[in-house]
Amino acid sequence: MIEYERITGENISALKPFFETYACGICDNTIGAVYQWRDIYVSYYAIVEGMLCIRANYGAYGECYTVPLGGGNFAAACAANEADAKRRGIPLRYCVVPRCMMPMLEAHYGARMEAESIRDWADYIYNAESFHTFPGKAYHGQKNHVNRFYREHPDAEAVIVSDAETERKCLAFLDRFHNMHPEFSALEENEWNGAKDLLLHRDALGQTAVALITGGEVVAMAIGERKRDMLFEHVEKAMPDIPGAYPAMAQAFVRQFPDVQYLNREDDGGDEGLRYSKLNYKPTELREKYLVTIRDQV
């Protein structure tokens, strides 16, 4: 029986090669997102004949598996997931399955699988170039906010976090951000901890952190990674009492990757405020993800 182990800071480096492929351009197939949310989703992994299997708790959907990643034996990986689900007495379900991976599951499970698109899981995909200037009427609001931010903070500059002092300022910023939100839920608390952890381990995980600094202090920060022609933004935080800090941060982060074509700002998790904000930046695509249930588990 193959044992699944908790994903930790100590073993994440062993999983890194499995995330190096594009894997349908969804955030769930990036090392940054898996690492940041590993405690929130109580994530476990197993490596089976050259494939990475992950089991995680997706809240209302319970414990699920993600589609195995890698160039090894896909059938063996699926069999390991099936045996693990049976041993644990849980339904065999695959979560956050992108459309381009559905044929892999269909070829293996055939008529046994049922699929349902979950809106809360859809990734927001944008034309990265539009974030450089926020052109036209569609981005009139964002452009005005950014202009106000730089008008009121003419010394503001965006810098890549590459030294201990800037890192310290980013951690202090995250603490100030936390103190301004005493109503944090348990999920938000875990997400905040994950952001700090991702910042501290950015180099080992191939992440780029960008800080927006004015008056000698960090007022906004973003962290993400590039894969091929897509930039994934895993973290975006800004001081809520500074007008325009959020769109200025979003723009500054993308500008660090001038030749990237697409921007993935991840899903909204069903949060209405976050959904409104992400839609307001005019995505070119909502990349669907599915919940796949396997019937008649053997």
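The values are calculated or read from the model by the stated rules, or taken from the named source; none is laboratory data. Fair warning: this is a prediction, and the values are worked out from it, not measured in the lab. Heads up, the Cβs are rebuilt from the backbone with ideal geometry, glycines too, and the neighbour counts pull from every protein chain shown.
If the requirement is being acidic (D, E) and at pLDDT below 95, which of these qualifies: D120, D39, D28?
None of the other options fit; the residue is D39.
Consider only pairs whose beta carbons are under 7 Å apart and that are at least six residues apart or on different chains; among these, list those whose first residue lies in segment 102-129 and is closer than 21 Å to C53 by Cα and whose second residue is of a type outside the set (D, E) and part of a helix (DSSP H, G or I).
M104/F74; H108/F74; H108/A75; H108/C78; M113/L105; A115/M102
Specify the residue that is surrounded by the most Cβ atoms within 10 Å (Cβ to Cβ); the eligible residues are those in segment 35-88 that are among the aliphatic types (A, V, I, L, M) and part of a strand (DSSP E or B).
I54
Of all helices (runs of 4 or more DSSP H) completely enclosed by segment 186-298, which ones contain at least 2 residues that are in contact with a strand residue (DSSP E or B) (Cβ under 7 Å, 6 or more places away or on another chain)?
Passing ranges, in order: 186-200, 245-255.
Under 7 Å by Cβ, and 6 or more places apart or on different chains, what pairs join a residue from segment 253-279 that is at negative phi with one that is surrounded by fewer than 18 Cβ atoms within 10 Å (Cβ to Cβ) and β-branched (V, I, T)?
Q256/I160
Here are some residues: E183, E129, E167. Which one is farther than 22 Å from R265 by Cβ and at pLDDT 95 or above?
On inspection, the qualifying residue turns out to be E167.
Can you tell me which residue within segment 17-34, out of those that are touching a helix residue (DSSP H, G or I) at 6+ places or on another chain (Cβ under 6 Å) and within 20 Å of C78 (Cβ to Cβ), is surrounded by the fewest Cβ atoms within 10 Å (Cβ to Cβ)?
Here the residue is C24.
Of all the residues that make up segment 89-106, how many are surrounded by 20 or more Cβ atoms within 10 Å (Cβ to Cβ) and of a type in the set (D, E)?
0
Taking the condition polar (S, T, N, Q), closer than 22 Å to F173 by Cβ, assigned by TED's automatic domain parsing to the domain that holds D155 and surrounded by fewer than 23 Cβ atoms within 10 Å (Cβ to Cβ), does Q207 pass?
no
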